[in-house]
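Notes follow the structure.
Derivation of every value follows stated rules applied to the coordinates shown; laboratory data play no part. Just so we're clear, the structure is a prediction, and the values are computed from it rather than from any experiment. Cβ: placed from backbone, ideal geometry, glycine included. Neighbour counts: every protein chain shown.
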Amino acid sequence: MKFYIATDHAGVDLKDYTVELLKQKGHEVVDLGPFDKERVDYPDYAVKVAQSVLTDTSSQGILICGSGIGMSMAANRFHGSVRHFVMMHILRKLHASIMMQIFFVLESVS
């Protein structure tokens with residue numbers, strides 16, 4: 001299966017891990033970024049994945065978001081894609097707090 005994947009700046013480590021895991025499982029993965037932890041405009045990355053999935057209808061997309069709100073709102077703007085909420089929650093310690101990383105899987109619907 002082919003996956004397009006992107007994140008906001010909070011999910012870069014999880015994205016990189018997910019890319020490698022999917023590749024090890026034999027999937028084709030197109031990493032749309034970002035590639036470092038500098039602050040980014042998350043809608044830019046949600047748009048890249050949503051447009052890719054709508055164009056390549058046999059693929060799926062994965063969005064990773066630190067809060068879950070931003071990517072969700074951005075992905076909702078695309079008609080013809082379906083968001084499957086929260087494929088996975090990953091909790092990790094970040095200094096004394098817990099941060100939730102949320103995956104959204106997008107697929108095209110005809």
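Just a few scattered comments:
- Estimated FRET transfer efficiency when R0 is 30 angstrom, pair R77-Y17 (beta carbons, to 0.05): 0.60
- Computed from label points 7 Å out along Cα-Cβ, the spacing between D36 and S67 is 2.4 nm.
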